[in-house]
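Reading through the structure tokens given below for one structure.
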Amino acid sequence: MTDATPQTLAMPYPWQGELWDDIVQQHKQLRLPHALLLTGPAEVGKSQFARALAQRIICREPVGGYACGTCKSCKLIAAESFPDLKRVTPEEEGKAIKIDQIRKLCDFMAKTAQQGGWKVALIEPAEAMNVNAANALLKTLEEPTDNTLLILVCHQLSRVPATIRSRCQMLSYPVPDQGASRDWLARVSSGDKNPEWLLQQAGGRPLQALKLVESDLLEQRENFYQLLEQLTEHSLSAVVAAEKCYRQPAQERLDWLMLRVQDAIRSQPGAASTRTWFQLLDRVSAARRELESASNPNLQLLWESLLMDWQVMTAR
């Protein structure tokens, strides 16, 4: 992904109504902060909220609290040619946001708006900024120009430096209420999967649940669980299993492994065996953090270690 502008008119999701009303009211009352930090787990709609808010702030003729979609500014946004809206993401998926990208963003924010209104910039995910990039952003956060808004979307708040967090107004987006998620999922999803079951499989995250039903992720997950069964039965070695895993998207498979370990913990009758399963859970969590740190871990070795641990544990 590269620096870009959002492609289409965005709207907040149904479960975001209260947060949306609050922030739009701040804008109407001229109390909007210069920087917002949207935090919470992935796949709950933070990115959509950020795009919708950016478009609402820029729109010249909002309707019912939302961007109209028909004014000149909205049409320019739809055509990816609005000059006062910028989005910064990693140049490659899973990589860091670099200092040169942030320097360009700071130059953009310092200049006068070409359309005479607001200038809005989105950074996603904020935790992808490397140390130098985060430091380069500080001056813009400390000395904002008028009618500018910086929106940082964050999936892992602990990885965002305190110097950044303290200079933003934080908006929290937890896993939404199941009722609102279920009703929305029932409307937008295809197929015969039960929305409640899908939400359960997705840890309550509605966008992840939709992804499950609109892709082959359920089939991929079942294949992964079969691989774990083969390890348990010793019909497959951990080295061969790791070769099957390391070329596949790792984050989702680590999530699936974590769910299996959590299931094992819940089924354990004794404290001693539970303790060793918790140790494995810690190792999976550490692997996830290493993967998310953009430190380029050796995925073959990472999977070999975890799957050997799984095979040892299930053999007991």
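Here are a few things to note about the model shown:
- Verdict on Val153 being touching a residue at least 60 places away in the same chain (Cβ under 8 Å) and open to solvent by less than 30 Å² (accessible area, probe 1.4 Å): yes
- Filter pass, Asn194 being out of contact with any His (no Cβ under 6 Å at 6 or more places or on another chain) and more than 20 Å from Pro14 (Cα to Cα): no
- Matching entry among Val88, Val44 (being in contact with a strand residue (DSSP E or B) (Cβ under 6 Å, 6 or more places away or on another chain) and surrounded by 13 or more Cβ atoms within 10 Å (Cβ to Cβ)): Val88
Residue-wise test of (1) under 30 Å from Val131 (Cα atoms); (2) in contact with a Leu (Cβ under 9 Å, 6 or more places away or on another chain).
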| residue | (1), (2) |
| --- | --- |
| Pro144 | yes, yes |
| Cys154 | yes, yes |
| Ser158 | yes, no |
| Ser172 | yes, yes |
| Gln178 | no, yes |
| Gly191 | no, no |
| Pro195 | no, yes |
| Gln201 | no, yes |
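- Scanning region 91-120 for residues that are open to solvent by 50 Å² or more (accessible area, probe 1.4 Å) and either farther than 20 Å from Asn147 by Cα or free of Cβ contacts under 8 Å to residues at least 12 places away in the same chain (or both) returns Glu91, Glu92, Glu93, Gly94, Lys95, Lys98, Asp100, Asp107, Lys111, Thr112, Gly116.
- Within region 18-33, the only residue that satisfies the criterion of being open to solvent by 90 Å² or more (accessible area, probe 1.4 Å) and among the aliphatic types (A, V, I, L, M) is Leu30.
- Positions within region 62-84 being within 13 Å of Gln115 (Cα to Cα), open to solvent by 10 Å² or more (accessible area, probe 1.4 Å) and among the aliphatic types (A, V, I, L, M), in sequence order: Leu76
- Residue match in region 166-181 (condition: over 23 Å from Ile23 (Cα atoms) and among the small types (Gly, Ala, Ser)): yes
- Residue within region 177-185 that is of a type in the set (Phe, Trp, Tyr) and within 19 Å of Pro41 (Cα to Cα) present: yes
- Trp15, sole failed condition from (1) farther than 24 Å from Leu105 by Cβ; (2) open to solvent by 70 Å² or more (accessible area, probe 1.4 Å); (3) under 25 Å from the mean Cα position of the chain (by Cα): (2)
- Sole exception among (1) surrounded by 17 or more Cβ atoms within 10 Å (Cβ to Cβ); (2) under 24 Å from Arg159 (Cβ atoms) for Cys59, by number: (2)
- Neighbours by Cβ (under 8 Å, 6+ apart or cross-chain): first from region 250-267, farther than 24 Å from Asp216 by Cβ; second open to solvent by 60 Å² or more (accessible area, probe 1.4 Å): Ile265/Phe278
The values are calculated or read from the model by the stated rules, or taken from the named source; none is laboratory data. The structure displayed is predicted, hence computed values, not measured ones. Cβ: placed from backbone, ideal geometry, glycine included. Neighbour counts: every protein chain shown. SASA here: full protein model, heavy atoms, side chains in, ligands and nucleic acids out. Shrake-Rupley method; radii C 1.70, N 1.55, O 1.52, S 1.80 Å.
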